[in-house]
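The values are calculated or read from the model by the stated rules, or taken from the named source; none is laboratory data. What you are looking at is a predicted structure, and each value in this text was computed from that prediction instead of being measured. Cβ: placed from backbone, ideal geometry, glycine included. Neighbour counts: every protein chain shown. The accessibility values were calculated without ligands, DNA or RNA, using every heavy atom of the protein model including side chains. Shrake-Rupley method; radii C 1.70, N 1.55, O 1.52, S 1.80 Å.
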Amino acid sequence: MAVIERSLMKYRDKLRRAPRLSRRKVVTGLLGLGAGWTIGGIGRIHADTSAPPGASGLRHIRLTAAQAKASMVGRGQPQTAVWAYDGRIPGPILRLRQGEPVRITVENRLDEDTTVHWHGIRLPNAMDGVPGLTQPPMRPGESFVYEFTPPDAGTFWYHPHANSLQQLGRGLAGGLIVEEAEPVPVDRDLLWMLTDWRLTGDAQIASGFGNGMEAAMAGRIGNTVTLNGAVPDDEPVQAGERIRLRLVNSSLARIMALRFEGHRPIVVALDGQPCDPHEPEGGRVMIGPAMRVDIILDMQGEPGRRYRIVDDFYDGLAYRLTSLAYGDEPSRRLAPDTPIRLPRNPLPEPDLAQAERQELVLQGGMMGGMGGMMGMSGMGRAVWAINGTSMTGDGHAGMPPLRVLKQGSSYIITLRNETAWWHPMHLHGLSFRVLTRNGQAVPHHQWADTVMMAPREVVEIAFVADNPGDWMLHCHVTDHQTAGLMTVLRIA
Ligand code: C2O
Ligand code: CU
Ligand code: CU
């Protein structure tokens, strides 16, 4: 134990001494850049996938996964070798319509197997993109046709579910928006995909994925955060406008807590599912890996001024993500008084009185005392476990379900984090109500597919097991998932 604690302290020291992630400083320091390098990407949503429905009424989208080069740190600076969908970091924003079928043909031009997982979409199990478990992986040169009808409107994303540490960590990810039939009126609808990278001095993705020490701690946290694939500068805004901002954290491990100087963000949806509009706790928008938060931002700042957006999740490592830069035009009006509550999605409400209870205990990690023998399934070293069993990797054939849930029944699942670390716990194929945290009722009718768990926290979630199949449940800190913090729930 003493050894472990000492190395933990060393690690914390290292984190503290890590370069401050004020982008200007970090990246400038790393690359020796002068001021004035340009940045792209306000993240305006454009009709990326405007392919009209064909004669069959089926919208058809094509995506290709391949190696590419991206300008992440600014024009005139070294390009970064990445793996990307359609050659872009992040991949194209897919825009689907609620209740309308879509066909997405994915071509694998990588040098290794891949799949695509449509994170958060309640879809048929065979379309879930888990290699071995729900589909054979696409070999290099192969394609796979995904077909589903998104039942819920909201903010989702897509990413591979094979060799996830590298494939996600090298850039394979994209935003997915399912449009409401009647969206709430806003002046602009933006998606910001926030991604943490570990870059070398010449702007290349650092090797060393799957470091065992990191896997037992906070995971692979990087040194550069991009907004829609580029290190952000300022985001131009106009006094008086109302923005719907869809935040997506596609990082391998970095948890973020965003503070909007001088502004009051209102959370209207979590993981794509509408909640009662509310101000975030402590004014900070907390967003862990794989989570999405939709906020409404009324631009009530002063014309000509800049307001910082700061991520201060990690103690002593706060950095400026970007700034809202107001144009000089005077405010054209007060905040609009149009409604901001999003229409509910057709989620079945769990019957809490009749629900069956299950408990999942998260174990292991540094200082977690995971001694003794654990059940093992998969390849790779396990440092984490759920109920004493470690499933490692990204999914594979023959993963035995930890529990079999009865189709159509309601369940309350207690997630008990017995570790000393944070875990954004994700369930495939369903959305769940977040009922309680440490015994306290969770307000605002929060539904999620990924729930953040603080060290030692106990969270109760509830859902109707209405979607048959084998569904992954895992931590979305990718190092944790691949090192054992993963299991399978079968609904049959
Ligand atoms: Cu985004 Cu298995 O998850
Ligand atoms: Cu998922
Ligand atoms: Cu975790």
Quiz prompt | Selection count, the range 265-319, where residues are polar (S, T, N, Q) and assigned to a loop (DSSP other than H, G, I, E, B) | solution = 1
Practice problem: Select, from 330, 350, 346, the only residue that is more than 16 Å from ligand 3 (Cβ to nearest atom), open to solvent by less than 30 Å² (accessible area, probe 1.4 Å), over 27 Å from residue 419 (Cα atoms) and part of a loop (DSSP other than H, G, I, E, B). | Solution: 350
Quiz item: Is at least one residue of the range 240-258 surrounded by 21 or more Cβ atoms within 10 Å (Cβ to Cβ), assigned to a loop (DSSP other than H, G, I, E, B) and of a type in the set (Ser, Thr, Tyr)?
Solution: yes
Practice problem: Starting from the range 470-490, take each residue that is farther than 14 Å from residue 219 by Cα and list its partners that are within 11 Å of ligand 1 (Cβ to nearest atom) and charged (D, E, K, R), counting only C-beta distances under 8 angstrom and pairs at least six apart or across chains. | Solution: 471/128; 472/128
Quiz prompt | Residue count for the range 180-209, restricted to those that are assigned to a loop (DSSP other than H, G, I, E, B) and in contact with an Asp or Glu (Cβ under 7 Å, 6 or more places away or on another chain) | solution = 1
Quiz item: Does residue 93 count as within 26 Å of residue 221 (Cα to Cα) and open to solvent by less than 40 Å² (accessible area, probe 1.4 Å)?
Solution: yes
Quiz item: Across the range 383-430, what is the total count of residues that are at pLDDT below 95, at positive phi and within 16 Å of ligand 2 (Cβ to nearest atom)?
Solution: 2
Practice problem: Return a yes/no flag: does the range 308-318 have any residue that is modelled with pLDDT of 95 or more, of a type in the set (Asp, Glu) and open to solvent by 20 Å² or more (accessible area, probe 1.4 Å). | Solution: yes
Self-check item: Verdict on residue 336 being touching a residue at least 60 places away in the same chain (Cβ under 8 Å), closer than 30 Å to residue 123 by Cβ, open to solvent by less than 50 Å² (accessible area, probe 1.4 Å) and assigned to a loop (DSSP other than H, G, I, E, B)
Solution: no
Exercise. Name the one entry in 265, 232 that is crowded, with 19+ Cβ neighbours inside 10 Å, at negative phi and at pLDDT 95 or above.
Key: 265
Quiz item: What residue, among those in the range 449-492 that are open to solvent by 10 Å² or more (accessible area, probe 1.4 Å) and in a loop (DSSP other than H, G, I, E, B), is nearest to residue 122 (Cα to Cα)?
Solution: 467
Quiz prompt | Options 173, 153, 181; residue that is of a type in the set (A, V, I, L, M), touching a residue at least 24 places away in the same chain (Cβ under 8 Å) and open to solvent by 10 Å² or more (accessible area, probe 1.4 Å) | solution = 181
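Take the conditions of a type in the set (Gly, Ala, Ser), open to solvent by less than 10 Å² (accessible area, probe 1.4 Å), modelled with pLDDT under 95 and more than 16 Å from ligand 3 (Cβ to nearest atom) and apply them to residue 57. Does it pass?
no
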Self-check item: Flag if residue 121 is β-branched (Val, Ile, Thr), within 17 Å of the chain's Cα centre (by Cα) and either away from ligand 2 (no atom under 16 Å from the Cβ) or at pLDDT below 95 (or both)
Solution: no
